[in-house]
Amino acid sequence: MNRKWKSHVEVALIYLFIAFMFIVIAYPLLWTISMSLNPGTSLYSASLIPEKWSFEHYKWLFTSPNSDYLLWYKNSLFVAAANAVLSVFFTALIAYAFSRYKFVGRKTGLYLFLVLQMFPSLMAMVAIYILLNMLHLLDSLWGLILIYVGGQIPFNAWLVKGYFDTIPRELDEAARIDGAGHFGVFFRIMLPLAKPILAVVALFNFMAPFTDFLLPSIVLRDPDKFTLAVGLFNFISDRFANNFTRFAAGSILIAAPIAVVFLFLQRYLISGLTAGGTKG
């Protein structure tokens, strides 16, 4: 009886923790949605349950001549899509090499990837700025994409390599007997079998440009090249800015493309997240 009572207490504590975390996550989101539907632009006049629902802020974002929201959205989609595709391709190549081949510096390279993950990206901002300036890629979306793709390689390579290690090498050998070369094995055997982990990498790298503010704010200067995070920040950063409700509306719409990509890749995500860390 005592053991049964203890089990009930443990289950109750688990549910209480889940409920607490749900409130922590849902309360700010509910306020953001409510603010986007409140009339006016002031933060202090907004209420959690608006008396008069209004979609004027969403309409303003897409129709006002003073709004560059559509341009920022297009820039973010371009950076996110390019980042996802290029990250998947280069990460898969690097992980394939570390998983299937023995070469000088292989173990050192893996440890280097591990060490690089320990340092925050903020430490590299000065070096990134100088590098992009030397390459004449400052204030360029391609420069931003270059930094995103290169910066994600250490973590993604470890993740994908762990998944590649779970794929039997006998499949490689069978393909080579049938006449497949290095790239034949990579494209015909490894990539189709690694769809779950590649879907995880694609989703994470697609999300990054929509939520990252620090790196785009350093690289981009022209308002016509801003991503959504940088552009929306301008709504509330000016001294006399009072566009919090428009900021909330723009923030809510950021979730739309991420949700579409998530639903498209959903069938791969669970197996990819669990299998990527089985071997290292």
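Just the protein heavy atoms count here, and of the accessible area of segment 14-115 at 1.4 Å, carbon and sulfur take up 76 percent.
The phi-based Karplus calculation (6.51 cos²θ - 1.76 cosθ + 1.60; θ = phi - 60°) puts the 3J(HN,Hα) values of segment 96-113 at 4, 5, 6, 7, 10, 10, 9, 8, 5, x, 4, 5, 4, x, 5, 5, 5, 4 Hz, whole numbers, x for Gly and Pro. On the principal axes of its alpha carbon atoms, the chain extends 73, 70, 34 Å, with the longest extent given first. Across the protein chains, with a 1.4 Å probe defining accessible surface, the residues Ile258, Ile33 rank Ile33, Ile258 from largest area downward.
Note on segment 1-115: semi-axes of the ellipsoid equivalent to its C-alpha gyration tensor, largest first and rounded to whole Å, are 43, 36, 10. Average accessible surface for segment 1-112: 69 Å² per residue, computed with a 1.4 Å probe over protein heavy atoms with every protein chain in place.
Solvent-accessible surface of segment 163-252, taken per residue with a 1.4 Å probe and all protein chains present: 48 Å². In summary, the convex hull built on the alpha carbon positions of segment 61-175 has an orientation-averaged projected area of 10.7 nm². Rolling a 1.4 Å probe over the protein heavy atoms of segment 141-222, with every protein chain left in place, gives an accessible area that is 67 percent carbon and sulfur. Which FRET efficiency, nearest 0.05, do Val104 and Ala259 yield, Cβ-Cβ r, R0 45 Å? Given R0 = 45 Å and the Cβ-Cβ separation, E is 0.50. For segment 131-222, trypsin sites (Lys or Arg not before Pro) meeting the loop criterion (DSSP other than H, G, I, E, B) and having at most 13 other Cβ atoms within 10 Å: Arg221. Taking all protein chains together, Leu110, Leu171 sort by accessible area into Leu171, Leu110, largest first [probe 1.4 Å].
The values are calculated or read from the model by the stated rules, or taken from the named source; none is laboratory data. Remember, it's a predicted structure, so these values are computed and weren't measured experimentally. Please note: Cβ atoms are built from the backbone with ideal geometry, for glycine as well, and neighbour counts cover all protein chains shown. The protein model used for the area step is the full one, side chains on, heavy atoms only, and it has no ligands, DNA or RNA in it. Shrake-Rupley method; radii C 1.70, N 1.55, O 1.52, S 1.80 Å.
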